[in-house]
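**Student:** Structure incoming, see below.
The values are calculated or read from the model by the stated rules, or taken from the named source; none is laboratory data. The structure presented is a predicted model; accordingly, all values stated were derived computationally and were not measured. Neighbour counts are summed over all protein chains in view; Cβ atoms, including those assigned to glycine, are modelled from backbone coordinates with ideal geometry. These area figures cover heavy atoms from the full protein model, side chains too; ligands, DNA and RNA do not enter into them. Shrake-Rupley method; radii C 1.70, N 1.55, O 1.52, S 1.80 Å.
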Amino acid sequence: SASEPTPATNATWCFPQWWDGWQPPPAGTTKQPDWFTKYLVTDVKVGDATGASPTEAYHYDYQDGGAWHYDDDTGLVKDSFKTWAQWRGFDKVVTTKGAPGGTQTQTTQVFMRGMNGDRTASGGTKTVTVTDAQGIAVADDVGLQGIQRETITQNGAGGGELTAQVDD
């Protein structure tokens, strides 16, 4: 449909995938492309069953869109069925710890996702960098996928900076 994103530039929680359907299609028919949704956890509460400790609340805010990498496996997916379906995560995740109205800390994490060199729709390659809070950009190379680039902890939402660390 017209609401589906372009696979090569998709930053949504949905991803394209070829599949046989359920029940599998009749013999002689081919796989069909379809879109699937990735579900995100936004709130977690950790409680003490004895009641001796207060419940800890966490809220996750995923920012700057998700990243889907072109299938780069060697043999699992046939070339004719490859698409941008490898989840590489979000660029930035803001975690707020503490109950609303109570004491809170907010941590912003910036991640490397290994998107530099990903395939474009025309068969070329993308140039992707990750920029820290000081404005320094580094190439988002595949070997760095999943590494935290920067972590900033604040005293509550929008509060003063408590700690900051950049890993280059």
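**Student:** Does the stretch 71-94 hold any residues that are among the aromatic types (F, W, Y) and either more than 18 Å from V128 (Cα to Cα) or open to solvent by 30 Å² or more (accessible area, probe 1.4 Å) (or both), and which are they?
**Tutor:** F81, W87
**Student:** Read through the list (1) over 24 Å from D167 (Cα atoms); (2) part of a loop (DSSP other than H, G, I, E, B); (3) hydrophobic (A, V, I, L, M, F, W, C), then give the number of the only condition that A85 fails.
**Tutor:** Tallying (1) over 24 Å from D167 (Cα atoms); (2) part of a loop (DSSP other than H, G, I, E, B); (3) hydrophobic (A, V, I, L, M, F, W, C), A85 fails exactly one: (2).
**Student:** Filter the stretch 114-168 down to the residues that are in contact (Cβ under 8 Å) with a residue 24 or more places away in the chain, more than 25 Å from P7 (Cβ to Cβ) and part of a strand (DSSP E or B) and list them by number.
**Tutor:** If the condition is that a residue be in contact (Cβ under 8 Å) with a residue 24 or more places away in the chain, more than 25 Å from P7 (Cβ to Cβ) and part of a strand (DSSP E or B), then V138, Q148, R149, E150, T151, I152, T153, Q154, L162, A164, V166 are the ones that fit.
**Student:** From the list A57, A52, which residue is open to solvent by less than 50 Å² (accessible area, probe 1.4 Å), at pLDDT 80 or above and of a type in the set (A, V, I, L, M, F, W, C)?
**Tutor:** A57
**Student:** In the stretch 116-168, what count of residues is obtained for those that are among the aliphatic types (A, V, I, L, M) and closer than 30 Å to G101 by Cβ?
**Tutor:** 5
**Student:** Let me ask something else. Would you be able to say whether some residue in the stretch 119-132 is of a type outside the set (G, A, S) and within 21 Å of V41 (Cβ to Cβ)?
**Tutor:** no
**Student:** If we keep just the residues of the stretch 18-39 that are exposed (fewer than 11 other Cβ atoms within 10 Å of the Cβ) and of a type in the set (A, V, I, L, M, F, W, C), which is modelled with the highest pLDDT?
**Tutor:** The residue in question is A27.
**Student:** Then there is this: Within the stretch 109-141, how many residues turn out to be crowded, with 16+ Cβ neighbours inside 10 Å and at pLDDT below 95?
**Tutor:** 1
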